[in-house]
Amino acid sequence: MWLTLFGLGEVLLVFFLIGSSPCTVRAEVISLNVVFSIGTVTVFISLGVLFFWFFLNQKPGIGTILNALIVAVMIDISIAFISTPENYISQLLLAFIAVLIVGLGGGIYLVANLGAGPRDGLMVGLQQKTNLPIAAVSAFLEITVVSLGWYLGGTVGVGVLFFAIVIGPSVGLGLFLTGNLLH
């Protein structure tokens, strides 16, 4: 369930035309240049990221594999059923809801403790190897990914900045709600 929420939130950002999360920008632009869907490209990217885990001494769990697969499937399924609102205010409001959905899904996912997602494991592994603050490693990865996506022609808009600012508090809310519901 948590990963379906995560995938749904990701695809909602794509359809609201104000920019996606950094990793979805990258998958979007690659999918525009190959014959694969955004979801399929997301799986390939996740597998590529998992390759680097070997060098970072990270160990995947069942949640790692489910993250790569379920988020990708949700992206492709949602694309078939969601249309873009025409009003910019509606796009912004729904983008806010999308980030909350991603945060809630992320909070549930983290509480489940079934293994880090591919990007999270890369971030943690790099932090452990470099001893840099996790925020610095995360910012470096997000900036690198969105810059690459933008350079290749991906949709980069206010949504990327919005996602970067709101996702942390949104995941925190998801953790809080999940923690209170489970206790």
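Just so you know, all these numbers are worked out from the coordinates, no wet-lab data involved. These numbers come from a predicted model, not from an experiment. Cβ atoms come from the backbone with ideal geometry, glycine included; neighbour counts cover every protein chain shown.
Hey, how much of the P(r) for region 68-116 falls beyond 18 Å, as a percent of Cα pairs? Show your work: numbers first, answer last.
Working: 547 of 1176 pairs.
Here the long-distance tail beyond 18 Å is 47 percent of all Cα pairs in region 68-116.
Multiply the residue separation of residue 177 and residue 140 by 0.36 nm, subtract the distance between their alpha-carbon atoms, and state the gained length in nm to one decimal.
Here the answer is 10.4 nm.
Each label point is 7 Å from the Cα along the Cα-to-Cβ direction; what then is the distance between the points at residue 57 and residue 69, in nm?
With each label point 7 Å from Cα toward Cβ, the separation is 3.0 nm.
Å³ per residue of the Cα convex hull, for the chain? Mind showing how you got there, number by number?
On the way: hull volume 21.3 nm³, N = 183.
With only Cα atoms used, the chain gives 116 Å³ per residue.
What distance in nm lies between label points placed 7 Å from Cα along the C-beta direction at residue 90 and residue 111?
Result for the modelled spin labels: 3.3 nm.
Obtain the nm distance between the two label points defined at residue 129 and residue 4 by a simple spin-label model: each point lies 7 Å from its Cα along the Cα-to-C-beta direction.
Roughly 3.6 nm, to one decimal.
Subtract the Cα-Cα distance of residue 79 and residue 165 from 0.36 nm times their separation in residues, and report this length gain in nm to one decimal.
On the way: separation 86, 0.36 × 86 = 30.96 nm, distance 2.49 nm.
Stretched out fully, the residue 79 to residue 165 stretch lengthens by 28.5 nm.
Quick one: which of 59-69, 78-88 comes out on top by average Cβ neighbours within 10 Å, and what's the full order, highest first?
Top of the packing list down: 59-69, 78-88.
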